[in-house]
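The values are calculated or read from the model by the stated rules, or taken from the named source; none is laboratory data. All values reported here derive from a predicted model rather than from experimental measurement. FYI the Cβ positions are ideal-geometry reconstructions off the backbone, even for glycines, and counts take in every protein chain you see.
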């Protein structure tokens with residue numbers, strides 16, 4: 001039973017659109033002009049197409065999944081424009097589309113082809129982690145992250161690599177190593193998105209581990225009823241966080 | 001299956017991250033959802049922070065309020081039904097013994 005089956009697809013395209021609109025890219029828009037704008041539009045269109053496919057019941061990785069076609073286009077663009085900010089954006093999006101289409105083997109092999117100094121690594125490492133997890137090979141992500149951390153200089157990219165290495169440690173059920181890497185992500189680039197995400201995971205490790213008491217809360221339902229966690233004592237409770245979008 | 005669980009004592013509570021209460025009410029009506037929906041119409045940020053649940057997430061709590069299972073992704077009962085029925089029967093037996 002899935003009461004929010006379409007929610008996933010929307011989350012996917014929100015992530016891609018967020019990628020296309022990443023604030024760090026704004027100055028590059030002015031410098032690079034048309035190319036970056038064009039690639040943004042391609043990505044937004046591809047995200048819409050993928051969303052319609054999923055909302056109408058299309059399964060990830062099916063032969064008709066438009067994500068694969070979008071990824072092919074964006075990867076070809078990357079190869080023809082290597083070194084430009086538009087190519088970096090196309091690279092992040094291509095790998096992401098492959099990952100959501102469950103083309104995990106291809107995610108891993110294309111990512112392995114990226115040079116260590118590719119600016120796309122900040123996004124690619126996230127999808128590489130997701131694919132490694134699906135393939136049951138999170139160790140591979142940890143090895144790759146450790147290698148990249150010896151090579152990469154950019155502190156924001158380093159923070160993202162630390163973050164996703166930490167998440168792989170969680171996938172491998174190694175919370176102590178995960179905690180160290182989350183803290184490293186915060187030190188690398190304190191105000192980055194990666195650092196903020198790391199903060200959420202550290203909070204979760206400290207306060208929301210299986211076996212711990214759930215946080216206390218007091219909230220109203222849309223019908224005006226007050227729900228207090230204290231009143232739920234003695235009941236088995238399923239808390240389901242979701243959204244209609 | 002949800003009905004089966006709720007008659008066996010499971011309390012199901014949804015927390016919606018929606019910012020549009022109208023859209024939420026509409027979905028709840030269309031899907032015939034009967035369990036309580038917590039939502040402040042502003043993304044339920046406090047609860048989302050409290051449970052670090054930016055994406056679809058489920059927590060199963062035992063009768064003492066402890067976290068017994070956590071799952072990230074859309075609500076798929078097959079993934080957590082083992083934990084739930086285990087907790088329900090386990091603690092029902094305890095209660096009989098008491």
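On inspection, residue B:10 does not qualify as under 17 Å from residue A:220 (Cβ atoms), at the interface with chain A (Cβ under 8 Å from one of its Cβ atoms) and within 15 Å of the chain's Cα centre (by Cα). Looking across the range B:33-47 at every residue that is more than 7 Å from chain A (Cβ to nearest Cβ) and not in a loop (DSSP other than H, G, I, E, B), the one that is farthest from residue A:208 (Cα to Cα) is identified as B:45. Only one of the numbered conditions (1) more than 20 Å from residue A:232 (Cα to Cα); (2) in a loop (DSSP other than H, G, I, E, B); (3) at the interface with chain A (Cβ under 7 Å from one of its Cβ atoms) is violated by residue B:63, and that is (1). When residue A:61 is tested against the conditions (1) surrounded by fewer than 17 Cβ atoms within 10 Å (Cβ to Cβ); (2) modelled with pLDDT of 90 or more, the lone failure is (2). Note on the range A:198-217: residues that are more than 22 Å from the chain's Cα centre (by Cα) and surrounded by 12 or more Cβ atoms within 10 Å (Cβ to Cβ) amount to 7.
Every residue, every condition in (1) part of a loop (DSSP other than H, G, I, E, B); (2) more than 30 Å from residue A:150 (Cα to Cα); (3) over 17 Å from the mean Cα position of the chain (by Cα), yes or no:
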| residue | (1), (2), (3) |
| --- | --- |
| A:48 | no, yes, yes |
| A:60 | yes, yes, no |
| A:68 | no, yes, yes |
| A:77 | no, no, yes |
| A:98 | no, no, no |
| A:124 | no, no, no |
| A:131 | no, no, no |
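In the range A:192-214, the residues that are more than 7 Å from chain B (Cβ to nearest Cβ) reach residues that are in a loop (DSSP other than H, G, I, E, B) and surrounded by 15 or more Cβ atoms within 10 Å (Cβ to Cβ) with C-beta atoms within less than 6 angstrom, at least six apart or across chains, in these pairs: A:195/A:189. Residues in the range A:32-54 that are modelled with pLDDT under 85, surrounded by fewer than 15 Cβ atoms within 10 Å (Cβ to Cβ) and touching a helix residue (DSSP H, G or I) at 6+ places or on another chain (Cβ under 8 Å): none.
When we screen B:41, B:65, B:22 for residues that are on the phi > 0 side of the Ramachandran plot, over 14 Å from the mean Cα position of the chain (by Cα) and modelled with pLDDT of 90 or more, the only hit is B:41.
Being within 14 Å of chain B (Cβ to nearest Cβ), out of contact with any strand residue (DSSP E or B) (no Cβ under 6 Å at 6 or more places or on another chain), modelled with pLDDT of 95 or more and outside any loop (DSSP other than H, G, I, E, B) is a description that does not apply to residue A:156.
Do we have any residue at all in the range A:162-184 that's away from chain B (no Cβ under 14 Å) and either touching a strand residue (DSSP E or B) at 6+ places or on another chain (Cβ under 9 Å) or not in a helix (DSSP H, G or I) (or both)? Taking every residue of the range A:162-184 in turn, at least one turns out to be away from chain B (no Cβ under 14 Å) and either touching a strand residue (DSSP E or B) at 6+ places or on another chain (Cβ under 9 Å) or not in a helix (DSSP H, G or I) (or both).
Looking only at the range A:91-123, residues that are surrounded by 24 or more Cβ atoms within 10 Å (Cβ to Cβ), farther than 14 Å from residue A:79 by Cα and free of Cβ contacts under 8 Å to residues at least 40 places away in the same chain come to 3 in all. Output the number of the condition that residue A:152 fails; it satisfies all remaining conditions of (1) under 26 Å from residue A:41 (Cα atoms); (2) surrounded by fewer than 23 Cβ atoms within 10 Å (Cβ to Cβ); (3) in contact with a helix residue (DSSP H, G or I) (Cβ under 7 Å, 6 or more places away or on another chain). Just one mismatch for residue A:152, condition (1). Selection of the range B:20-42 for residues being within 19 Å of residue A:228 (Cα to Cα) and in contact (Cβ under 8 Å) with a residue 12 or more places away in the chain yields B:35, B:36, B:37, B:38, B:39, B:41.
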